[in-house]
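The values are calculated or read from the model by the stated rules, or taken from the named source; none is laboratory data. Source: prediction; values computed, not measured. Cβ coordinates were reconstructed from backbone atoms using ideal geometry, including for glycine residues, and neighbour counts include every protein chain displayed.
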């Protein structure tokens, strides 16, 4: 006896048209679309990372806190080292915090171009109350018209 309605394991079932609604795409097609979207997102992230590194990247304007001293109720002296590109000025942001971690002073310091690539800068930062720390947040290219020093 032979069966007339046998379906081979490799063949997909055939349904009457319009009877069971719209058929979904196969999983293989959805995987390809997911892979393409993921690849596009990775490529966009890489392009964004490279552009941000070129604009704000490490190396050109590295800043490092050397020390902070002369802490009083209304000031802190912040000393920091900054790496400058040859012949370029820098704009560095310094700040002070109180015991609770609240910012009590902030300034933008313009560092003029110098003979050496590494310059040590000392800046007296006025504060609204007694600070417990002084920090250099970072440096970058000097902005036109900036007179923070």
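Residues in region 57-86 that are in a loop (DSSP other than H, G, I, E, B) and within 17 Å of residue 142 (Cα to Cα): 57, 58, 59, 60, 61, 62, 84, 85, 86. Here the strands (runs of 3 or more DSSP E) wholly within region 87-142 that include at least 2 residues being within 22 Å of the chain's Cα centre (by Cα) are 90-97, 103-111, 133-141. When residue 1 is tested against (1) over 30 Å from residue 133 (Cα atoms); (2) at pLDDT 90 or above; (3) part of a loop (DSSP other than H, G, I, E, B), just one condition goes unmet, and that condition is (2).
Has region 34-44 got at least one residue that is modelled with pLDDT of 70 or more, within 27 Å of residue 127 (Cβ to Cβ), surrounded by 10 or more Cβ atoms within 10 Å (Cβ to Cβ) and within 20 Å of the chain's Cα centre (by Cα)?
Applying the first criterion (modelled with pLDDT of 70 or more) to region 34-44 yields 34-44.
After this cut, where a residue has to be within 27 Å of residue 127 (Cβ to Cβ) as well, the list is none.
No, region 34-44 has no match at all.
Using the structure shown, decide if residue 11 is closer than 25 Å to residue 94 by Cα, at pLDDT below 80 and either touching a strand residue (DSSP E or B) at 6+ places or on another chain (Cβ under 9 Å) or exposed (fewer than 10 other Cβ atoms within 10 Å of the Cβ) (or both).
On the way: closer than 25 Å to residue 94 by Cα: no; at pLDDT below 80: yes; either touching a strand residue (DSSP E or B) at 6+ places or on another chain (Cβ under 9 Å) or exposed (fewer than 10 other Cβ atoms within 10 Å of the Cβ) (or both): yes.
Here the answer is no, as residue 11 does not meet what is asked.
Taking the stated definitions as given, is residue 128 at pLDDT 90 or above and loosely packed, with under 15 Cβ neighbours inside 10 Å?
Details: at pLDDT 90 or above: yes; loosely packed, with under 15 Cβ neighbours inside 10 Å: yes.
It is true that residue 128 is at pLDDT 90 or above and loosely packed, with under 15 Cβ neighbours inside 10 Å.
For residue 116, the conditions (1) closer than 17 Å to residue 60 by Cβ; (2) in contact (Cβ under 8 Å) with a residue 24 or more places away in the chain all hold with the exception of (2).
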